[in-house]
Each structure stands twice: as structure tokens, then as C-alpha cells.
Amino acid sequence: MDDALSSNERAGQTRLSLAAILSACLAYGIGIGLTLPLLSLILERMGEPGSVNGLNLTTGGLAALLITPHVPRWMAKIGAAEFLCLALLIAAAALLAIYAAPNLWVWFVLRFVLSSALNALFVISEFWINRLATEQTRGRYVALYSICIVGSFGIGPAILQFIGTRGMAPFAVGSAMLVAALVPVFLARKTAPRIEESSTASVFSIVRMAPTAFAAAFVFGAIDAGMMGLLPVYAVRLHYTEAHAALCVTAIAAGSIVFQYPLGLLADRMDRRVLLALCASTGVIGSALLPLVIATPPLAYFLLFLWGGLILGVYSLGLTLLGQRFKGPELATANAGFVIAYSLGMLLGPAAEGVALDAWNPHGLLVALGTICAIYVGFLLFRTAAAGGLTSQGR
């Protein structure tokens, strides 16, 4: 009976932790999914040029590069659950403050604060899910995490469809949702992982210990924004209506949700680097096939459904390998590095893809996306050959 009770208690703690992690993950996705279109549309309405709008967007990447390296140290001092609560409160307050900001330039400061809090939330929740998982469940737990991320990105824009982009309402609703995520985090605070000591390794030195995993984050960051943001432009240039072009994003998102848990099951049953290589290869295959089927929308949407579902595996499997490779305080530092690598990819990838889109109108976009994935597949093959064969290590 004692053993059964102990097992029940452990199961209850796991459920509490999962509820807290997935709630924080949903809060992050909603925060990003709501603020990106909301603030961009408001700036456009204010008559600001696209350059100012783009510059305002870069605060997210800047926050990731400047603040994220310090998150593991702060988490060790404050505690994972406590720091997560603090990040949620700061993000909720910053969102309301943006609405009340007296001028545009204050927006830049407040958006930096908002992005810093959301990035901290991202790092902590990824660290927590990897600490919670065992080697037998890691793939599935990370898959659930990825599903929440992808699904929550669509909630923010959906909120704007209902309440609009004017007045305080969208800011208040977004802030309230961030505050609501405090409840499960607070309830699970005693189950949160503790970092007993600070890692002596820096974020940048730890990247060299697992280049396969960190490169996965960079590659997915580089192609994610390009697929979601530029593939609709590609479709419009090939005579799709805007409404039909938007369905490209819907197909990608739907595939991402449907395929993640099956990929997680596979990740717990087969060599994760083999699966990672297969997922990355779909970026090359999808880029090559899309021009052949783009004239037939149902086929194009089906291809994007498959492509979008499998390519997200590059990120989720990279995160799985990270948890497999690092333990203890090093894991928190590694998660911070993972977020930085993803953010760098988001900064550099879309710029190159946009240039390619115009250089060979419109198929240059697919050349750029396929090339990025091909380089990563080549890197994986090189690492495999250098190691003398495939292993399941995330190095």
C-alpha cells in the first residue's frame, strides 16, 4: 500500500507539473501570437513606416540575445516556479503598459521588457519539461509541449478576430490570460525542479558540447518564420487569392499539431538522430515538390500539411536530445542556449529568404528553405560519419 501510495503521489506531482508547464507554454504562445499582429497593426494604423514596424519587431530577438543567457543564474537564485510566476506577472504588466505608453519610443522599451519576460518563460518551461521527463517518456512529453506551442500561437490571432485590435480590450484580455497561467504554476510550485548549484559553463561554451541539438534550434528558427510568413506571399505571386494563400499557414499548423505526438512516440522507440535527419530531409523534399503541385491547391495544402507536421520535429527532437545530453544545472544553461539559437535563426533566416524570394521570383524562397535544410542534413551525415555510425547521443 505504501508503495502504491508513493506511486500515486508521484503520478499526482507529474500531473501538477505538466499542468504548470503546459499552461506556461500556452501563455507564451498566446502572448507571442497576440502581440505580433496586434502591435504591428496598431503601428500601421498610426502611419508608421514599415522600417519602424520591423525595428520594433527586432526587440524580441534583442531580448533573447541579451537577457536569455542570464536566465539560468536567476532561476537558480529564485527558483523555477517562482521565477516563472515573476515572468508571467512582468509580461502581463508590460502588455498593459504598452497600451498606456505616451509615445512610440516608450513602446520599444516596454516591448523589450515584454519580450524578455516571455523569453524567460520559454526557457524555464523547456527546462522544466526536460527535467520532468525520463528517457522513456521524453519524446512524448516534448511532443505535448510542442503541440501546446503550435496550438497557442493560433489563439492570439483568434482572440483579435473576436474583440478587435482597438482600445484596451485586446491588451486586457492578453494580460488576463498571462495572469491566469499563474494558478497552475503556483499549485505546482513544490514539484518544480530545483537547481542546487549554478553551472560553471557559459551558454556559449555549452553550445559546443551538443552542436547537433543547438543547430536544430537554429535551423528551425531560420525556416519557421519563412514558412509561416513568406509561403503565403509565394502563393499569392502564383495567383492564389489572399484567403487561399492564408490556408497555406493553416495547413502547416494543422500538420504540426497532428504529427507531433506520433513523432514523440517514435523518438522514445528509435534512434533520435535518425528521426531528426528524416524530419530535416522533409524540408528539402517539400521545397522540391511544392512548385510541382502549387497549381493544384488541394495537393499543395496536403503537401504543406505533411511538410509542416514533420519539419517541426526538427525543433522538438532537438529539444529532446538536449534533455538527453544535459542534466542538473547544465540543463538550464543548455535550454537558454537553445532559445538563443532559435532566436538567431529567426533573425537571420527570414532576411535571407526574403532576398531569395525577390531574386528568383517566387521560387527563390523554396531554394533558400531547401538549402538551409540540406546543409543541416549534410551536417548530420558528417557528424554521423565522424562518430563512426549513428548513435542516440545529442552531440
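The values are calculated or read from the model by the stated rules, or taken from the named source; none is laboratory data. From a predicted model like this one, the values you see are computed outputs, not experimental measurements. So basically every Cβ, Gly included, is an ideal-geometry build from the backbone, and we count neighbours across all protein chains shown. In case anyone asks, the SASA skips ligands and DNA or RNA and just uses the protein heavy atoms, side chains included. Shrake-Rupley method; radii C 1.70, N 1.55, O 1.52, S 1.80 Å.
Taking every Cα-Cα distance in region 274-395 and sorting them into 5 Å bins from zero, the calculated P(r) comes out as 2, 10, 16, 20, 20, 15, 9, 6, 2, 1, 0 percent. The phi torsions of region 187-193, fed into the Karplus equation with coefficients 6.51, -1.76 and 1.60 and a -60° offset, translate into couplings of 5, 9, 4, 6, 9, 5, x Hz, rounded to whole numbers, with Gly and Pro shown as x. GNM remark for the chain: springs join alpha carbons under 10 Å apart, and the peak mean-square fluctuation among Val284, Val109, Val71 falls on Val109.
Shown in residue order for region 308-315 are the 3J(HN,Hα) couplings computed by the Karplus curve 6.51 cos²θ - 1.76 cosθ + 1.60 at θ = phi - 60°: x, x, 7, 6, 4, x, 4, 6 Hz (x for Gly and Pro).
Near the amide H of Met209, within less than 5 Å, lie no amide hydrogens of residues on another chain or at least 5 residues away, with H placed in the peptide plane. For region 281-374, the fraction of 1.4 Å probe accessible surface lying on carbon and sulfur atoms is 77 percent. For the chain, relative contact order (Cα pairs under 8 Å, six or more residues apart, normalised by length) works out to 25 percent.
The percentage of C-alpha pairs in region 239-281 whose separation is greater than 15 Å is 57%. A convex hull fitted to the Cα coordinates of region 327-366 yields 45 cubic angstrom per residue. Per residue of the chain, the DSSP helices (runs of n ≥ 4 H) give a summed -39500 (n - 2.57) that works out to -28500 deg cm²/dmol at 222 nm. Our estimate of slack between Ala172 and Arg208, defined as 0.36 nm per intervening residue step minus the Cα-Cα distance, is 8.7 nm.
Eigenvalues of the Cα gyration tensor times 5, then square-rooted: what semi-axes does that give for region 138-290, in whole angstrom, largest first?
30, 27, 16
FRET efficiency for the Leu89 to Glu242 pair, using the beta carbon distance and R₀ = 45 Å, is estimated at 0.70.
Extension gain for Glu82 to Val355 (0.36 nm times residue separation, less C-alpha to C-alpha distance): 94.0 nm. Using θ = phi - 60° in the Karplus curve 6.51 cos²θ - 1.76 cosθ + 1.60, the 3J(HN,Hα) couplings for region 338-343 round to 5, 5, 4, 4, 4, 5 Hz; x is entered for Gly and Pro.
Measure off, as a whole percent, the carbon and sulfur share of the 1.4 Å-probe accessible area of region 122-254, all protein chains present. Carbon plus sulfur share of accessible area: 66 percent. Taking Cα centre as origin and charging only the Cβ of basic (Lys, Arg, +1) and acidic (Asp, Glu, -1) residues, the dipole magnitude of the chain rounds to 440 debye. Using the Cβ of Gly354 as centre and a radius below 15 Å, the other residues enclosed give a net charge of -2, where K and R count +1 and D and E count -1.
Accessible area per residue for the chain is 42 Å², calculated with a 1.4 Å probe on protein heavy atoms, without ligands, DNA or RNA. Placing a label point 7 Å from the Cα of Val367 along the Cα-to-Cβ direction, the residues of region 272-316 with a backbone N closer than 14 Å are 288. Among the cysteines of the chain, Cys85, Cys248, Cys279, Cys373 have no other cysteine beta carbon within less than 4.7 Å of their own.
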